[in-house]
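Okay, structure first, notes after.
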Amino acid sequence: MSTPPKEPNTLRKGNWKQDPDAVKADILRVAKEEFATYGLSGGRIDAIAKRTTVSKRMIYYYFENKEGLYKSVLENVYAALRESEETLMVGDLEPADALALLTTATFDAYASNPEFIRLIAIENIHNAEYLTRSDVVQTLNRAIIDKLTDVCDRGKAAGTFRAHADPLELHWTISAFCFYNVSNRATFSASFGDALHCEQGQARLRRRLRDIVLGSVVIGYEPPD
């Protein structure tokens, strides 16, 4: 990497030498908010620079262009989601308990990160053009399929999972439910009220998702409530 462009000798613009990783993290944090709000087309590098500790030139130094920054934001949000999943210690749990934990944790992760949902919706508008350019995201997303594969294999071996239990289908089902819960909150609430998006409603949906997923693959599963 070439030498960074010289910045004005001020507190705001002069900290890249002290902690460049923190500077990049700050740029990505602000860029995530900008792109989630305005999309790739509407997001502006000038607006991002004004809210960070660096200049527009420095953003281009780190990320080359707006598209490079947007792709890095996508990689960053996927990495955060996959890291949260990686902290879930499911290998020692019974398969049904492991699947329940992965399901409810995904519900919580999506519900607490609406910017992630908006960014993925925006990337779908672009037909996943930037995700397909990223080897990082492809590798990151493999991790959750591997985790679900292990759970399904153990469940089938123990005779507690149905033979048709498929990790990719389970991931699709869980993701679809969790995504819609956030992406369509405004329109759903405008049409039908917010009974499902208050605290109690969200708790009910969280349990329902667990029951749907476990009921589809766990032999003899009965919802506990």
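Using a 1.4 Å probe on the protein heavy atoms, what percent of the accessible area of the chain belongs to carbon and sulfur?
Values: 6650 of 12350 Å².
Answer for the chain: carbon and sulfur cover 54 percent of the accessible area.
Net charge near Lys32, counting Lys/Arg +1 and Asp/Glu -1 over other residues with Cβ under 13 Å of its Cβ?
So the surrounding residues net to -1.
How big is the convex hull of the Cα atoms of the range 108-148, per residue, in Å³? Kindly include the intermediate steps, with their values, before the conclusion.
Working: hull volume 3.2 nm³, N = 41.
Spelled out: Cα convex hull of the range 108-148, divided by residues, is 79 Å³.
In whole percent, what relative contact order does the chain give with Cα contacts below 8 Å and a gap of six or more residues?
19
Just Ser84, Ser191, Ser41 to compare: in a GNM of the chain, with alpha carbon springs under 10 Å, which one fluctuates most?
Between Ser84, Ser191, Ser41, it is Ser191 that shows the largest mean-square fluctuation.
In whole angstrom, and with the biggest value first, how far do the Cα coordinates of the chain range along each principal axis?
67, 42, 31
Treating the beta-carbon of each Lys and Arg as +1 and of each Asp and Glu as -1, no other charges, what is the dipole magnitude of the range 104-225 about its Cα centre, to the nearest 20 debye?
Charge dipole, the range 104-225, about its Cα centre: 160 debye, nearest 20.
Suppose every Lys and Arg Cβ carries +1 and every Asp and Glu Cβ carries -1, with no other charges. What dipole size does the chain come out with about its Cα centre, to the nearest 20 debye? Display every interim value, and only then the final one.
Working: 28 positive and 31 negative charges, 206 e Å.
Here the chain has a charge dipole of around 980 debye.
Binning every alpha carbon pair distance of the range 26-127 at 5 Å from zero, what are the percents per bin?
All Cα pairs, binned at 5 Å, distribute as 2, 12, 21, 19, 14, 11, 8, 6, 4, 2, 0 percent.
Using the Cα centre of the chain as origin and beta-carbon charges of +1 (Lys, Arg) and -1 (Asp, Glu), tell me which of Gly201, Thr37, Ala121 is placed farthest towards the positive end of the dipole.
Thr37
Which one of Ala47, Phe188, Ser216 has its Cα pushed farthest toward the positive end of the charge dipole of the chain, where Lys and Arg give +1 and Asp and Glu give -1 at the Cβ?
Ala47
The values are calculated or read from the model by the stated rules, or taken from the named source; none is laboratory data. Values in this document were obtained by computation on a predicted structure and should not be read as measured data. FYI the Cβ positions are ideal-geometry reconstructions off the backbone, even for glycines, and counts take in every protein chain you see. For the accessible areas, the whole protein counts, side chains as well, though only heavy atoms, and no ligand, DNA or RNA atoms are used. Shrake-Rupley method; radii C 1.70, N 1.55, O 1.52, S 1.80 Å.
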